[in-house]
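One structure is given below, encoded as structure tokens.
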Amino acid sequence: MVRVKICGITSVEDARLCVEAGAEALGFNFVERSPRFVTPAQARAVIATLPPFVTPVGVFWDHPAGHVKAVAEECGLAALQFHGDESLEDLAQHRLPVIKTIKVEGPAALERMRRYAAVAILLDSPARWSEGEARAPISWSVAHAATAAGHRVILSAGLTPDNVTEAARMVRPYAVDVASGVETRPGVKDPDKVRRFVAAAKGA
């Protein structure tokens, strides 16, 4: 069954909604100036309310290793997700499980995936982030090639309650990841969209 990560969590209420809908992981964005940014204190308050077996994931973008470690310890993160140009050596400094994001523009992304020793590869759009607008999906054929090559793929970018079933059936990813596709505005989740997204992903 496909696992679900819902990213851009900013409140206890949204965290509870996502957990009750069946999400296995929640993403907390520590990228300054992004529309879903949370401080470590804000994230810690939300993570403290999570039940067992729900994974809090910290999202970082070219942050120094010391900063990442400090945030992870303060918040109680269980995994780290990196979106920047972090090197293999950068990622190796962390003891927590590492998810490396690869921006997919075409088949060349497959070669970049082989460079990283990460527990999973998150396939995302080259666009920096969504300010609330709909995002175009990446090439699902490239994503499928990644899973066929043996990568543990987390599929992201442009997923919605209306297309996630098709995406999951075509790509057969380890997990799917969504933020703007289940929001009313950046950082605020839509209960109906969240529930439909999780049900559609797991129904695939």
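L155 meets the stated requirement of being within 22 Å of F60 (Cα to Cα), in contact with a Pro (Cβ under 7 Å, 6 or more places away or on another chain) and surrounded by 15 or more Cβ atoms within 10 Å (Cβ to Cβ).
Among the strands (runs of 3 or more DSSP E) confined to segment 132-204, the ones with at least 3 residues that are farther than 21 Å from V119 by Cα are located at 183-185.
Checking the stated criteria, V104 turns out to be within 28 Å of H67 (Cα to Cα), modelled with pLDDT under 95, buried (at least 17 other Cβ atoms within 10 Å of the Cβ) and β-branched (V, I, T). Total residues in segment 77-131 satisfying the condition of being in contact with a helix residue (DSSP H, G or I) (Cβ under 9 Å, 6 or more places away or on another chain), under 18 Å from G150 (Cβ atoms) and either basic (K, R) or assigned to a strand (DSSP E or B) (or both): the figure is 6. Applying the criterion of being among the β-branched types (V, I, T) and within 19 Å of G8 (Cβ to Cβ) to the residues of segment 163-183, the residue that is surrounded by the fewest Cβ atoms within 10 Å (Cβ to Cβ) is V176. In a residue-by-residue description of segment 99-109, the property of being of a type in the set (G, A, S), without any contact (Cβ under 8 Å) to a residue 60 or more places away in the chain and touching a Cys at 6+ places or on another chain (Cβ under 8 Å) applies to no position.
Close Cβ contacts (under 6 Å, 6 or more residues apart or on different chains) running from residues in segment 26-47 that are under 13 Å from K189 (Cβ atoms) to residues that are among the small types (G, A, S) and not in a helix (DSSP H, G or I) comprise R36/G8; R36/G187. The set of residues in segment 10-36 that are of a type in the set (A, V, I, L, M, F, W, C), in a helix (DSSP H, G or I) and buried (at least 17 other Cβ atoms within 10 Å of the Cβ) comprises A15, L17, C18, V19, A21.
Rundown of residues vs (1) under 22 Å from A175 (Cβ atoms); (2) surrounded by 19 or more Cβ atoms within 10 Å (Cβ to Cβ); (3) charged (D, E, K, R), yes/no style:
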site: P51; (1), (2), (3): yes, no, no
site: A70; (1), (2), (3): no, no, no
site: L80; (1), (2), (3): yes, yes, no
site: G84; (1), (2), (3): yes, no, no
site: R95; (1), (2), (3): yes, no, yes
site: K100; (1), (2), (3): yes, yes, yes
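Is there a residue in segment 37-57 that is at pLDDT below 95, under 18 Å from the mean Cα position of the chain (by Cα) and either in a strand (DSSP E or B) or not basic (K, R) (or both)? Scanning segment 37-57, I find no residue that is at pLDDT below 95, under 18 Å from the mean Cα position of the chain (by Cα) and either in a strand (DSSP E or B) or not basic (K, R) (or both), so the answer is no.
The values are calculated or read from the model by the stated rules, or taken from the named source; none is laboratory data. The shown structure was predicted, so the numbers you read here are calculated from the model rather than taken from an experiment. Note: ideal-geometry Cβ built from the backbone for every residue, glycine included; neighbour counts use all protein chains shown.
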